[in-house]
Amino acid sequence: MPAPVSKEWVIGPSDAEACAALSGALGVHRLTAAVLVARGHRSVSEARAALDGADAPGPDPFLLAGMEQAVDRLHQARRRREQVLAYGDYDVDGACATSLYLGFLKSLGLAASFYIPHRVKEGYGLHADSVRRIAASGTTLLITADCGTTSHDEIALARSLGLDVIVTDHHLPGATLPPALVVLNPCRRDSGYPFSGLCSGGLAYKVASAYCQKFGTTEFDPEAQVDLVALSTIADVAPLQHENRRLVRRGLDLLSRGNRPGIRALKAVAGVEGGCGVGTVGFALAPRINAAGRLGDAADAVRLLLTEDEREAGQLAGLLNRLNQERQRLEDGIIAEAVQAAEVAPSGPIVLASRGWHQGIVGIVAARLVERFHRPAVLIALDERGVGRGSARSIPGVSVYDALLQCRQHLDAFGGHAAAAGLTIREARIPEFRDHLSEVLEGPLAGPAARPRLPCDVEVEPGGFLPSVVQELARLGPFGSGNPEPTVVLRRLRVASARVVGVDHLKLMLTGRGVRHEAIGFRMGSLESRGLSPAGPVDIACVLETNTWNGTERVQLRLRDVRASVNG
């Protein structure tokens, strides 16, 4: 296997005078001050907000264009005792937003129900047949959760059938908005909201908050729902900045306590004990919730999140866990096929299709290909009629949504955002789509985006790191998309020992300036597989974390990259 593509380390700006000033004013370690300065928080007030700002209140929900009209319509539905339906998406964000809406609507005494289309049988978004069934059931108000922004025809049909539609969605809108009663979307050009990074779970929270703010209700507390918002935000890789930081921090606290029977049961089957961090959600909880929509029925995920019955929660969590195990098995097979095909594919975007692939898995595999090859990837699952439903993923600096927009003549449908999108395409059109996409992306992929970049905060001298510094840096969290873990660079370290442990994890003992550092690089393989010799000095980019063994807490370096020292 060839060595990984070398990354460009981009180290943040340093300013010794500003670091000293922040360290003294805030009483923080010089390393913490250096990270703050590197991230642009140079004044004391900015730095203090970065350290403690996750507890600040969010913007007024009524800043969202259409919010006043949306909550007024909900209040009208309450007074008239109308039937209201939440129409969601089959991923974690859609399931959580749907669950939040259902709990909120029922607390208002409304006859509330929900509908989530089947990923394989129906596909993403609103569908004419389902709209007709919903209208025929007596529903008069439909609220979307994570879909609807591009459903012009379906919403026009809903209106003709007497359905009012409130769209809550965060996918990029086209040139015009659909003819809904209200379109609540922070990505609207005229949104009016100061933060565009809310996912649909966050939007549902804002709708409930706005209603309670205007009309008041003692039956529902939006703040008790931020566990669902945290699940949504992390799983949808929304930026953990601004308002999302507060929501996720508070949500992780609720997830750690496991207030919901469904969350307690899900943690049990996932082997999660104690606190929940961003990684717990991303790698343990979210994949199991997602598995319902990928291989089964996403309605089971909604039922799990809403149930008050411990027995039902256990049964549903067990079902989702089995589906996730099947997902892992299918994923391994598709990855093996896709990697083999991608290794011999022409340069440029990776576009692969197969009749043997599962539609619910191709998005995950596309993301794995992007990680491995640092190229945009489109994976398409074809059915027996030659209709393909695919998922596209991209690299930083290259918008896959904009690229698909330029190739839309080859597609039956598409939607998404810069980093990820979904599409529908006929098998016969895939070759011309592949060629056109390569032309569209030729320029962007020849630019700076072609080489992976690793943002690093500061370069420090090899020395002892105390657990208290790691705890202090944690105040900048939660860490994730848009707010990465602080990464430090250490240079000219000697390799005292190197071995591969577990599933291809690189374990190093490093020395520098008389200090020994224990380092672990997950899935990094051996030094030799990375084109490195253990005999020469190395530079590392790493995250500081604490590791407790036999009652002793010490700092461990989690590797993000390692390379030979220049002039080593």
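No value in this document is a laboratory result; all are computed from the given coordinates. Note that the coordinates shown come from a computational prediction; the quantities given were computed from them, not determined experimentally. Every residue, glycine among them, receives a Cβ derived from its backbone with ideal geometry; neighbour counts consider all protein chains shown.
With K and R counted +1 and D and E -1, the other residues having a Cβ less than 9 Å from that of PRO178 yield a net charge of -2.
Can you tell me the length gained on complete extension of the stretch GLU219 to ALA446, counting 0.36 nm per residue apart and subtracting the Cα distance?
Here the answer is 76.1 nm.
Across region 189-202, computed HN-Hα scalar couplings (Karplus, 6.51 cos²θ - 1.76 cosθ + 1.60, θ = phi - 60°) run 4, 9, 4, x, 8, x, 9, 9, x, 5, 8, 6, x, x Hz from first to last residue, x flagging Gly and Pro. Could you give the distance between the Cα centres of region 437-497 and region 111-163, to the whole Å? Cα centres, region 437-497 to region 111-163: 43 Å.
Considering amide H positions built from the backbone, and no H for Pro or chain starts, which residues 5 or more places from LEU181, or on another chain, come under 5 Å of its amide H? Hits under the 5 Å cutoff: VAL165. Between helix 226-235 and the chain there is an angle of about 60 degrees, using the helix long axis and the longest principal axis of the Cα atoms.
At a Förster distance of 51 Å, what's the computed FRET efficiency of SER565 paired with SER160, Cβ-Cβ distance as r, to 0.05? Taking R0 as 51 Å, the efficiency between SER565 and SER160 is 0.15.
Secondary-structure-derived ellipticity at 222 nm for the chain, considering helices only, amounts to -12500 deg cm²/dmol, per-run term -39500 (n - 2.57) for DSSP H runs with n ≥ 4. Arranged from fewest to most other beta-carbon atoms within 10 Å of their beta carbon, PHE283, PHE62 become PHE283, PHE62. Rounded to the nearest 0.05, what FRET efficiency do GLU337 and ALA268 have when you use their Cβ-Cβ distance and R0 = 35 Å? With a Förster radius of 35 Å, E is 0.55. Counting neighbouring beta carbons within 10 Å and listing from fewest to most, the residues MET524, MET509, MET67 come out as MET509, MET524, MET67. As a ratio to 2.2 N^0.38 Å, the alpha-carbon radius of gyration for the chain is 1.00. Under the convention that each Lys and Arg Cβ holds +1 and each Asp and Glu Cβ holds -1, the size of the dipole of the chain around its Cα centre is about 660 debye. Peptides 272-282, 461-471, 140-150, ordered by how many other C-beta atoms sit within 10 Å of their residues on average, highest first, read 140-150, 272-282, 461-471. Length gained on full extension, GLN69 to VAL237, computed as 0.36 nm times the residue gap minus the Cα-Cα distance: 57.6 nm. Ranked for footprinting exposure by Cβ neighbours inside 10 Å, fewest first, GLU17, GLU154, GLU459 give GLU17, GLU459, GLU154.
Give me the net charge of GLY274's neighbourhood, meaning all other residues with Cβ under 15 Å from the Cβ of GLY274; Lys, Arg count +1, Asp, Glu -1. Around GLY274, the surrounding residues sum to +1. Rounded to the nearest 10 degrees, the inclination of helix 67-80 to the longest alpha-carbon principal axis of the chain is 40 degrees. Can you return the aspartates and glutamates within cross-link range of LYS507? Criterion is Cα-Cα under 16 Å, with same-chain partners fewer than 8 residues away left out. List returned: GLU518, GLU528, ASP539, GLU545, ASP561. Shown is the FRET efficiency for SER354 and ARG408, computed with R0 = 30 Å from the Cβ-Cβ distance and rounded to the nearest 0.05: 0.80. Length gained on full extension, ARG453 to ALA418, computed as 0.36 nm times the residue gap minus the Cα-Cα distance: 10.9 nm. Reported to the nearest whole Å, the Cα centre-to-centre distance from region 341-400 to region 519-534 is 28. What net charge do the residues around ASP169 carry, taking every other residue with its C-beta under 14 Å from that of ASP169, with Lys and Arg at +1 and Asp and Glu at -1? Within the 14 Å Cβ shell, the charges total -4. Once both axes come from the Cα atoms, what is the angle between helix 16-26 and the longest principal axis of the chain, in degrees from 0 to 90, rounded to 10? Helix 16-26 sits roughly 60 degrees off the main axis of the chain.
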